[in-house]
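Here the structure is laid out as structure tokens; the discussion comes afterwards.
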Amino acid sequence: MARYAQVQGSVALITLTNPPVNALSAAVRLGITEAVTRALRDPKVKSVVICGENGVFCGGADIREFAKPMTGPPLVPMISAIEEGDKPVVAAIEGVAFGGGLELALGCHYRIAHSKARVGLPEVTLGLLPAAGGTQRLPRLIGLAPALELITTGRHVTAQEALKLGIVDKVTDQSAQDLAIQFAQEVIGQPLLPRKLSTQLTPCPPDVDTILDEAMARVKQRARGAMAPVACVQAVRAAVNLPYQAGMQKEQELMAFLFRSSQARALQYCFFAQRAVGKWSLSSGAHSGNSKPRPVTKAAVIGLGTMGRGITVALVKAGLSVVAVETNKKQLEMGKQMVSAMLKHDAQKMNAVPRLDLLHYTTDLSELKNTDLIIEAVFEDMALKKEVFKKLSSVCKPDAVLCTNTSGLDVDELASVTKRPELVVGMHFFAPAHVMKLLEVVRGSRSSPEVMATAMHLGKRLGKVSVVVGNCSGFVGNRMLRPYLDQANFLLEEGATPELVDGALEEFGFPMGVFKVSDLSGLDVGWRIRKEAGLTGPNVDPKDPLRRRQGRRYSPLPDLVCEQGRLGQKSGRGWYLYDKPGGRVATPDPDIHKLLEDYRVRHGIRPRQIGSQEVLERCLFALINEGFRVLEDGMAMGPEGIDMIYVFGYGWPRHRGGPMFYAAMVGLPRVLERLEYYQQVHPDVPHLQPSSLLRRLVVNGSPPLDKWRDFLQRPHSQL
Ligand SMILES: CCCCCCCC/C=C\C/C=C/C(=O)SCCNC(=O)CCNC(=O)[C@H](O)C(C)(C)COP(=O)(O)OP(=O)(O)OC[C@H]1O[C@@H](n2cnc3c(N)ncnc32)[C@H](O)[C@@H]1OP(=O)(O)O
């Protein structure tokens, strides 16, 4: 796991060999320890170079080992032995040096990086801190403020920035390994003590306490309830206030606490779940490994509304040539101006040139003859989308892939109006489409494996976390959202206020509670959908009482709010009050409180005191219950897909791992017991009826998440 060679006569070359990222597994740590001991003992060796095989230095500690009992030599003494040795050691960084990989390099006396390499300490994103001396050595090397920033965010740094910051000593466009070998010979005999970071003091500006206090305030505000960033600041404080050994002691104590935390488990689960969803499979046996994507060089976007503009920008930023289509010249010009402005804004931030040359605007669908893939992003209306699809089917080349950006309409119905249903697929983008990382790739019953591969591959090119989902109403994300929204509304009826519900959800870790999000999205969106579904407005069954629809409990509160012209942020009033139309700062509104009080009086509801626990249980467990139904119906590949949809698309706090992971952490018996309780209290709310999968899992001893698939009863996957 580490190769040893002697090169140029006196240089020991130690190569980490653990593909694909040379993670520091027990075997690699053992290999390095033995190789370093050998090099330090061999009188013929005057200096040492450490590098990684296949153009990657090291991706850090082996995250898979964190769930197992620790074996092999620990990292800290291994790195100390390198630093304490009396021969210069040079790290040759190609590819990445992340986490324990960078900590290993910081224990070396010199660091040489390839110009394309990246370095960083991303442990915080896994719920940990750099506990192989990273929190103590990096501040000593580059100073307090930059070290704090890198350690608390986990940000990756390019070789050029690393050189500026002083993390690496040289950057080369040639082989980092060759330069390191040459360099290792040049530094033989030079004093090593100044290169041993543990012997140095952290360079500190006079306002050190202010810097640390501000960093602490920042991390607390940024990641509500996340423990690792807080621990990172505490560890770096130790690098300032304590001698090296005491600082290391503090680093270890903080790591021991984080290491066993549920947050670390959740974040590490997310790391692997994010990668697992990319490895999709269909019931037919087709999967990401055996299905080839079609080449896509030229794409088209139909409709330049909010979604279409965002999708166009995302495609251009990924380097695709795009034809953007609108119905008339005026709309087209408006769309063009906004897309150009968005691209310029983005390019400016990245100090780049906006690729406006990749765009062609037209009102003429016949110009799509040569496009490989078309994304329809017109208004969410089935009749309109069908009309567009019919036209696309006749004007586009026969093998062009037709995608619909819909948040829940039936992909099969759309495919049925084309002559190529096997080339039709759903691509549910989330607004703003050029920013949000999530993409639901919706498999219609006739979508071919090749078309799925094409959509998934395109998602990857756009930098999205793409998740394959089945073609059911609302797909996965929005389908699970409905019970969540219903429960939030019912809680208002029973005595809660929007700020009480939102407060509980924000305390849980959501960036915004459900009512603030609704105000931001616009309350008229849901109002229109409810009207179309016959839940409110002229199509309501006259026999239905006001608080009952289609045989189940219904809350007309959101409709009443809309009827008052309160449409959310855009109208300056929604569930909250805003300083002006378009204002962002939500303040509790006495008018809403009055509306709720009057409503309860009118319906003879005696308000109750409602606590955070009830808010969380009712909103989140109802959503989770629907997640189990999604699995049962075969609409998702597994719990990991659902979790990634919620983490990347709906603001579910990553350190809670996603709804299904959270259910497992809370304990499935507890989730079941609370759902049963609430169902008894609210028998007219079917979505509180525990799913049979949940029951079966509990009866079978609550197996771990990766075994849930074994308990699905119906012929499973609809994918
Ligand atoms: C009581 C206290 C006890 C304490 C004991 C603990 C001691 C720990 C001491 C020190 C702390 C050090 C901690 C760390 O180093 S944590 C790890 C930090 N590193 C990272 O977070 C990097 C994670 N990896 C990445 O960012 C990327 O994978 C990449 C940039 C390296 C490569 O990206 P890409 O080319 O896009 O490939 P993939 O992401 O798809 O990865 C390929 C493959 O490799 C797996 N993998 C990647 N990194 C790791 C890793 N560090 N450990 C294990 N496996 C890793 C990844 O899962 C993929 O696997 P596949 O899906 O099966 O193909």
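The values are calculated or read from the model by the stated rules, or taken from the named source; none is laboratory data. The structure presented is a predicted model; accordingly, all values stated were derived computationally and were not measured. Reconstructed Cβ throughout: ideal geometry from the backbone, glycine too, with neighbour counts over all protein chains shown. Heavy atoms of the whole protein, side chains included, go into the accessibility calculation; ligands, DNA and RNA do not. Shrake-Rupley method; radii C 1.70, N 1.55, O 1.52, S 1.80 Å.
How big is the accessible area of ARG547 in square angstrom, nearest 10, if you roll a 1.4 angstrom probe over the protein chains?
70
Tell me the Kirkwood hydrodynamic radius of region 2-259 in angstroms, computed as one over the mean inverse distance between distinct C-alpha pairs.
Radius from the Kirkwood sum: 18.1 Å.
If the label point is 7 Å along Cα→Cβ of GLU367, which residues in region 342-357 have backbone nitrogen under 16 Å from it?
356-357
Counting only Cα atoms, I'd like the Rg/Rh figure for region 298-471, Kirkwood definition for Rh.
For region 298-471, the value is 0.94.
Rounded to the nearest 10 degrees, what's the angle between the helix 329-349 long axis and the longest principal axis of the chain, both from Cα atoms, 0 to 90?
Computed tilt is about 20 degrees.
By how many nm would the segment from LYS330 to VAL601 grow when fully extended, if each residue of separation counts as 0.36 nm and the alpha-carbon distance is taken off?
That pair, LYS330 and VAL601, stretches by 92.5 nm at full extension.
What does the accessible area of LYS594 come to, in Å² to the nearest 10, when a probe of 1.4 Å is used?
110
Between VAL313, THR362, GLY52, whose Cα lies farthest towards the positive end of the dipole of the chain when Lys and Arg beta carbons carry +1 and Asp and Glu beta carbons carry -1, centred on the Cα centre?
THR362
Under the Kirkwood approximation for Rh and a Cα-based Rg, what ratio Rg/Rh is obtained for region 389-526?
Checking Rg against Rh, the ratio lands at 1.08.
Once the dipole of region 225-283 is set up with Lys and Arg at +1 and Asp and Glu at -1 on Cβ about the Cα centre, which of ALA273, PRO229, LEU254 lies farthest towards its positive end?
Of the options given, the answer is ALA273.
Compare the peptides 296-309, 122-135 by average per-residue count of other Cβ atoms within 10 angstrom and give them in order, highest first.
Packing order, densest peptide first, comes out as 122-135, 296-309.
What's the angle, to the nearest 10 degrees (0 to 90), between helix 26-41's Cα axis and the longest principal axis of the chain?
Taking the Cα atoms of the chain, the angle to 26-41 is about 20 degrees.
Among PRO88, THR135, ALA61, whose Cα projects farthest towards the positive end of the dipole of region 1-138, with charges put on the beta-carbon of Lys, Arg (+1) and Asp, Glu (-1)?
Final value for the positive-end residue is PRO88.
With an 8 Å Cα cut-off and a minimum separation of 6 or more residues, compute the relative contact order for the chain in percent.
This gives 9 percent for the chain.
For region 496-601, with only Lys/Arg (+1) and Asp/Glu (-1) charged at the beta-carbon, what is the dipole magnitude about the Cα centre, in debye rounded to 20?
I would put it at about 420 debye.
List the residues of region 166-195 whose backbone N lies under 15 Å from a point placed 7 Å from the Cα of ASN351 along the Cα-to-Cβ direction.
Flagged as within label range: 166.
Restricting the count to DSSP beta bridges whose residues both fall in the chain, what percent are antiparallel, rounded to a multiple of 5?
Among the beta bridges of the chain, antiparallel pairing accounts for roughly 30 percent.
Quote the relative contact order of region 2-259 in percent (integer), defining contacts as alpha-carbon pairs under 8 Å separated by 6+ residues.
Relative contact order, region 2-259: 18 percent.
About the Cα centre of region 478-711, how large is the charge dipole given +1 on each Lys and Arg Cβ and -1 on each Asp and Glu Cβ? Please answer in debye to the nearest 20.
320
To one decimal place, what orientation-averaged projected area in nm² is obtained for the convex hull of the Cα set of region 478-711?
For the Cα atoms of region 478-711, the hull's average projected area reads 12.7 nm².
Long-range amide H contacts for LEU577: which residues qualify at under 5 Å (H placed 1.01 Å from N, peptide plane, sequence gap of 5 or more or a different chain)?
The list, which skips near neighbours in sequence, is THR587, ASP589.
How much length, in nm to one decimal, is gained on full extension between LYS44 and LEU520, taken as 0.36 nm per residue of separation minus their Cα-Cα distance?
164.5 nm is the gain from fully extending LYS44 to LEU520.
Report the label-to-label distance for ALA256 and SER416 in nanometres (one decimal), using points 7 Å from each Cα along the Cα→Cβ vector.
Result: 6.5 nm between the two label points.
How big, on average over all directions, is the shadow cast by the Cα convex hull of the chain, in nm²?
Average of the hull's projected areas for the chain equals 34.1 nm².
Taking θ = phi - 60°, what integer Hz values does the Karplus form 6.51 cos²θ - 1.76 cosθ + 1.60 yield along region 207-212, in sequence order, with x for Gly and Pro?
With the stated coefficients, region 207-212 comes to 8, 4, 5, 4, 4, 5 Hz.
Explain nothing, just the number: dipole magnitude of the chain about its Cα centre with +1 on each Lys and Arg Cβ and -1 on each Asp and Glu Cβ, in debye rounded to the nearest 20.
My answer is approximately 780 debye.
Helix 382-395: angle to the longest alpha-carbon principal axis of the chain, degrees 0 to 90, nearest 10?
60
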